[in-house]
1. Quick check on L531: is it without any contact (Cβ under 8 Å) to a residue 40 or more places away in the chain and either closer than 19 Å to S506 by Cβ or not basic (K, R) (or both)?
2. Could you give me the residue pairs with C-beta distances under 8 Å whose first residue belongs to region 577-601 and is closer than 12 Å to N121 by Cα, whose second residue is outside any helix (DSSP H, G or I) wherever it lies, and which are 6+ apart or on separate chains?
3. Exactly one condition in (1) surrounded by fewer than 24 Cβ atoms within 10 Å (Cβ to Cβ); (2) in contact with an Asp or Glu (Cβ under 8 Å, 6 or more places away or on another chain) is not met by G60; state its number.
4. Just for region 244-277: of the residues that are of a type in the set (A, V, I, L, M, F, W, C) and outside any helix (DSSP H, G or I), which one is farthest from I66 (Cα to Cα)?
5. Residue under question is L194, and the condition is that it be within 22 Å of G52 (Cβ to Cβ) and surrounded by 14 or more Cβ atoms within 10 Å (Cβ to Cβ); does it hold?
6. Keeping to region 213-238, report how many residues are free of Cβ contacts under 8 Å to residues at least 60 places away in the same chain, under 30 Å from T315 (Cβ atoms) and open to solvent by less than 40 Å² (accessible area, probe 1.4 Å).
7. So which of L285, L276 ends up being crowded, with 20+ Cβ neighbours inside 10 Å and within 32 Å of the chain's Cα centre (by Cα)?
8. For region 283-299, what are the residues that are of a type in the set (V, I, T) and assigned to a helix (DSSP H, G or I)?
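The values are calculated or read from the model by the stated rules, or taken from the named source; none is laboratory data. In this text, all values refer to a predicted model and were calculated from it rather than measured experimentally. Positions of Cβ are generated from backbone atoms using ideal geometry, with glycine treated the same way; all protein chains shown enter the neighbour counts. The area values use the complete protein model at the heavy-atom level, side chains included, leaving out ligands, DNA and RNA. Shrake-Rupley method; radii C 1.70, N 1.55, O 1.52, S 1.80 Å.
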Amino acid sequence: MARWLPRSTNLTRFCQKLNRVKTLEDDMMETSFNRCLSTIDLTLLGIGGMVGSGLYVLTGTVAKEIAGPAVIVSFIIAAFASLLAALCYAEFGARIPKTGSAYMFTYVSVGEIWAFLIGWNVLLEYMIGGAAVARAWSGSLDSIFNHKIKNFTETHVGAWQVPFLARYPDFLAAAILLVATTFISFGAKVSSWLNHVFSAISMGVILFILIMGFVLAQPKNWSTQEGGFAPYGLSGIMAGTATCFYAFVGFDVIAASSEEAKNPQKAVPRAIAFSLGLATGAYILVSVVLTLMVPWHTLDPDSALADAFYRRGYTWAGFLVAAGSICAMNTVLLSNLFSLPRIVYAMAEDGLFFQVFSRVHPRTQVPVIGIVVFGLLMALLALIFDLEALVQFLSIGTLLAYTFVAASIIVLRFQQQKGDVPTLAASGRPNPEPHEGPSGGELKEYESFSDKLQLVDREKSKEQREPGQLKAAFEPYLEFLSDFYPGEVVTVAVVTLMVSAICLCSILVFGNTHLNLPTWSYSLLLVLFSLGFLLSLLLIWAHEQQHSTQTFQIPLVPLSPALSIILNIYLMLKLSYMTWLRFAIWLLLGLLIYFSYGIWHSKENLREPRAQLVSARYVVFPGGSLEERVQAVQPSSQPATGLPDTDTDDCKR
């Protein structure tokens with residue numbers, strides 16, 4: 001029976017495979033893509049991803065059904081929550097200017113299987129999101145013509161009542177996706193130019209809405225006679241915040257495009273900041289004029305802005321608003337179709353997804369195969385599937401990506417920088433790398449495959465400590481932690497922080513409803529998990545961070561990413577159980593692909609055999625000073641061919 005159980009060494013090696021991180025190239029600016037996008041291009045891509053149909057639909061829905069005129073406050077809070085996630089993306093996009101967005105950031109910091117699952121969920125998020133926007137685009141255009149397109153299709157093609165399928169095939173939605181796919185395949189410059197055109201029209205319409213809206217504003221619509229500014233109270237504002245948060249999803253297209261930016265170290269953080277600021281201003285100001293033009297409780301949730309102008313007697317303005325909404329949805333379509341193939345390319349380039357998607361067209365310098373294949377899949381989804389039940393699925397993929405990117409920021413910030421980080425051997429432990437000694441010589445640190453041998457100058461380490469080491473001020477109180485390898489304690493603390501956040505949010509969401517906890521146990525669990533979260537945060541803070549780099553860094557680490565983590569987890573737990581069920585099924589399908597293909601074809605897996613061929617033990621030759629010489633000695637069971645001869649007469653372990 002015991003012989004069927006896996007050996008501990010095999011299990012350890014398997015876990016190391018799952019958690020291996022991506023090895024970055026020395027020159028991260030080298031790419032097969034065309035670096036042609038400026039800060040303005042990236043900013044408009046981000047605005048196009050965020051300011052879409054939500055501006056024309058979401059504002060009215062939240063104002064009427066959830067928060068009233070206090071939707072303005074909901075957008076402000078949601079913008080702050082989105083800013084926490086956006087700053088994490090900005091730091092990664094500047095430091096690692098490679099396509100892949102959340103997938104890439106997780107791969108270089110947390111581990112391979114987590115990166116694959118993030119990328120796998122982002123794929124579905126973009127496909128469903130693009131198809132849903134295409135159907136909304138089709139519905140908006142059809143409404144201008146009094147639904148003649150829908151009636152014609154149902155009459156001549158037919159309608160059906162099948163679960164998960166749409167009532168009728170939406171040929172218009174599929175057609176706009178195919179047209180957009182064609183333009184995207186022409187290259188980043190063409191895509192950017194097209195996005196400029198639609199963004200300019202959309203922003204012009206928004207400017208018109210603001211000017212006309214303030215002219216037609218009536219402050220009495222916020223009076224107590226109409227229900228007041230916050231008719232649903234604080235609970236309505238916070239519920240509105242949870243919905244408004246998804247209006248800002250889309251800035252990650254900037255990080256996904258960093259490999260095509262001319263100067264990503266500066267352009268990516270600036271573009272994220274500009275686009276998020278402009279989108280926030282647009283949502284807040286439009287909410288102000290909308291709730292001042294007409295009483296909030298009389299809004300039409302499906303077309304609030306256009307209906308508001310109709311009711312004030314400006315029918316022509318309603319048509320202009322409808323045209324602006326179509327242009328805004330075009331930018332969202334382009335954003336989805338632009339990002340999706342690049343995520344697929346990054347996964348395929350690393351060997352975790354099918355290699356055919358890593359091919360870049362030599363002329364257009366874009367992954368044409370990925371664009372065409374996933375454009376067709378998106379068109380198929382829009383053609384026949386009922387996407388209303390799947391739209392909530394978008395939220396969980398986005399929030400999961402935000403959570404892992406925030407955790408990756410903490411892990412990365414407390415790791416040694418690339419110039420100081422020892423290269424990883426097959427065992428996942430560092431190979432020998434020199435460190436500066438007190439007199440300008442080399443103080444060296446070495447590790448074998450099983451044992452850790454550290455030659456550390458204690459006085460020097462107290463004066464200047466590396467990232468991931470315990471701060472000198474905390475060493476007298478936490479001395480037992482100083483024996484761990486730099487970064488190990490931080491990694492464990494990040495895991496503990498996330499587990500505490502999950503438990504804390506679970507009690508907040510389900511404690512009084514599904515779990516029916518008595519007051520004393522509810523309060524006790526809240527205190528315990530809150531303490532676990534805070535202690536993990538303090539333990540991380542007690543370690544040294546990386547020194548300031550030339551690229552953008554998010555302030556207040558680890559506090560800012562930790563707040564982002566707990567907020568994202570809370571919002572995920574507020575989703576319906578059916579969303580979680582679909583999410584679990586999609587994850588299982590992804591794991592099937594990873595274990596049958598990705599884990600074996602990973603480029604990191606191909607690097608391992610060369611490292612595993614060398615079996616060495618390390619011995620130290622005392623030199624009588626702080627400097628030590630360490631040489632690899634070939635085991636007696638293996639020939640010494642290819643290794644330098646070593647004299648071990650006077651060696652000591």
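1. Working: without any contact (Cβ under 8 Å) to a residue 40 or more places away in the chain: yes; either closer than 19 Å to S506 by Cβ or not basic (K, R) (or both): yes.
Yes: the conditions hold for L531.
2. As it stands, the answer is R582/L390, since those pairs meet every condition given.
3. Of the numbered conditions (1) surrounded by fewer than 24 Cβ atoms within 10 Å (Cβ to Cβ); (2) in contact with an Asp or Glu (Cβ under 8 Å, 6 or more places away or on another chain), the odd one out for G60 is (1).
4. Within region 244-277, the subset of a type in the set (A, V, I, L, M, F, W, C) is 244-245, 247-249, 251, 253-256, 261, 267-268, 271-274, 276.
Now restrict to residues that are outside any helix (DSSP H, G or I): 249, 251, 261.
Details: V249: 20, F251: 25, A261: 40 Å.
For region 244-277, the residue satisfying everything is A261.
5. Values: within 22 Å of G52 (Cβ to Cβ): yes; surrounded by 14 or more Cβ atoms within 10 Å (Cβ to Cβ): yes.
It is true that L194 is within 22 Å of G52 (Cβ to Cβ) and surrounded by 14 or more Cβ atoms within 10 Å (Cβ to Cβ).
6. Restricting attention to region 213-238, the residues satisfying the condition of being free of Cβ contacts under 8 Å to residues at least 60 places away in the same chain are 215, 220, 223-225, 233-235.
Within this subset, residues satisfying the condition of being under 30 Å from T315 (Cβ atoms) are 215, 220, 223, 225.
Those still in the list that are open to solvent by less than 40 Å² (accessible area, probe 1.4 Å) too: 223.
Counting residues in region 213-238 that are free of Cβ contacts under 8 Å to residues at least 60 places away in the same chain, under 30 Å from T315 (Cβ atoms) and open to solvent by less than 40 Å² (accessible area, probe 1.4 Å) gives 1.
7. Numbers: L285 fails: crowded, with 20+ Cβ neighbours inside 10 Å.
Step by step, each of L285, L276 is checked, and only L276 is crowded, with 20+ Cβ neighbours inside 10 Å and within 32 Å of the chain's Cα centre (by Cα).
8. First, pick out the residues of region 283-299 that are of a type in the set (V, I, T): 284, 286, 288-289, 291, 294, 298.
Of everything in region 283-299, those that are of a type in the set (V, I, T) and assigned to a helix (DSSP H, G or I) turn out to be I284, V286, V288, V289, T291, T298.
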